1. Roughly what % antiparallel, to the nearest 5, for the DSSP beta bridges in the range 1-79?
2. Using only DSSP helix segments of four residues or longer, with each worth -39500 (n - 2.57), what per-residue ellipticity at 222 nm results for the chain after dividing by its residue count and rounding to 500?
3. Going by how many other Cβ atoms sit within 10 Å of their own, how do 102, 11, 24 line up, fewest first?
4. Where does each of 40, 64 land when they are ranked from fewest to most other beta-carbon atoms within 10 angstrom?
5. Can you tell me how the chain classifies by the Cα gyration tensor, rounded, prolate or oblate, using a/c under 1.5 as the rounded cut?
6. Between residue 56 and residue 19, what is 0.36 nm times their sequence separation minus the Cα-Cα distance? Round to one decimal in nm.
7. Could you give the length gained on full extension between residue 28 and residue 83, defined as 0.36 nm per residue of separation minus the Cα-Cα distance, in nm?
8. Looking only at the range 5-153, where both bridge partners belong to it, what percent of the DSSP beta bridges are antiparallel (to the nearest 5)?
């Protein structure tokens, strides 16, 4: 596949889908540095990347800023959001991928060119994904997907 874009869910893909909350209400998540490296390498391939999250949380924005990729938060209909981005950027949806893990990702995953998910995803998502990655959420999902992309390019 000639990838034009890769869209990522955040919780359960870039994280292990858990959150720590401090006494003052601040939230903390664990991310994988290998995913950050993979995103940097994917940028070199001129593939558009973005985080599409239902959550609206400063931690998602902070991570997207560190990765230097766009982040769309509070998204209730991920398919509409991805379609809008593809239209604005002149990206072919069928030449794009989405990595998700839960039922709010289902509609976009069924419509996009290639869908992938972590091995610990919701059963419905495991059933519809084109690729089930060996990694669990937060354990290098994007790093593993990058290896997949390299295999497709070669």
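Readers should treat all values here as calculations from the given coordinates under stated rules, not as data from a laboratory. Everything quoted here is computed from the prediction, not taken from an experiment. All Cβ positions, glycine included, derive from the backbone under ideal geometry; neighbour counts span all protein chains shown.
1. 25
2. -11000 deg cm²/dmol
3. 24, 102, 11
4. 40, 64
5. Here the chain falls in the rounded category.
6. Numbers: separation 37, 0.36 × 37 = 13.32 nm, distance 1.36 nm.
Gain on stretching residue 56 to residue 19: 12.0 nm.
7. Details: separation 55, 0.36 × 55 = 19.80 nm, distance 3.05 nm.
In short, 16.8 nm is gained.
8. Working: 2 of 17 bridges.
Among the beta bridges of the range 5-153, antiparallel pairing accounts for roughly 10 percent.
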